[in-house]
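What follows is a set of notes on a single structure, which appears directly below.
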Amino acid sequence: MNKVIVIMGVSGSGKSTISKLLSKKINLPFIDADDFHPQKNVNKMSEGVPLNDEDRKPWLKILNEKLIEAEKNKGVILACSALKESYREVLQKGIQNIQWFYLK
């Protein structure tokens, strides 16, 4: 079964750096969750306005779809600051083989 690996942590914890290195080491594709924000979220964040749970819903849905597709193929490593349990529930919906790693 193909693996979905999620590397999570706060901003600046090294999620992307470690995920990219792991991706090369175990030969799984890497995706960065920040690359999948809808333009509305990007605009809001660029204005210095924090996102709320409602803003994150479409972003989490997009990521979940990417993870489901990746699990059907080779698998994937996702760098994501999915710190809330409710976010993780959305991300893992429909995924059979997911592993979570939290960077402190």
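Just so you know, all these numbers are worked out from the coordinates, no wet-lab data involved. Nothing here was measured: the structure is a model prediction, and the numbers come from that model. Don't worry about glycine lacking a Cβ; one is built from the backbone with ideal geometry, like all the others, and counts go over all protein chains shown.
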Legend entry - Potential lengthening between LEU21 and GLU54 on full extension [0.36 nm per residue; Cα-Cα distance subtracted]: 8.7 nm
Inset, instruction - Name the lysines eligible as straight-distance cross-link partners of LYS93: C-alpha to C-alpha under 19 Å, and not fewer than 8 places from it in the same chain. - result: LYS3, LYS57, LYS61, LYS66, LYS72, LYS74, LYS84
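Let me check against my output: what whole-number percent is the relative contact order of region 3-103, with C-alpha pairs under 8 Å and at least 6 apart? Let's see the in-between values first.
Details: 136 pairs, mean separation 54.6, N = 101.
Relative contact order comes out at 54 percent.
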Legend entry - Top positive-direction residue, dipole computed over region 3-103 with Cβ charges, set VAL42, PRO58, LEU78: LEU78
Inset, instruction - Taking every pair of alpha-carbon atoms in region 42-97, give the share separated by more than 19 Å as a whole percent. - result: 32 percent
Inset, instruction - State, to one decimal in nm, how far the label point of PHE101 lies from the label point of VAL42, with both points 7 Å from Cα in the Cβ direction. - result: 2.8 nm
Legend entry - Option label - P(r) over Cα pairs in 10 Å bins from 0, in percent computed here, alternatives (i) 15, 42, 30, 11, 1; (ii) 15, 49, 31, 5, 0; (iii) 17, 53, 28, 2, 0: (ii)
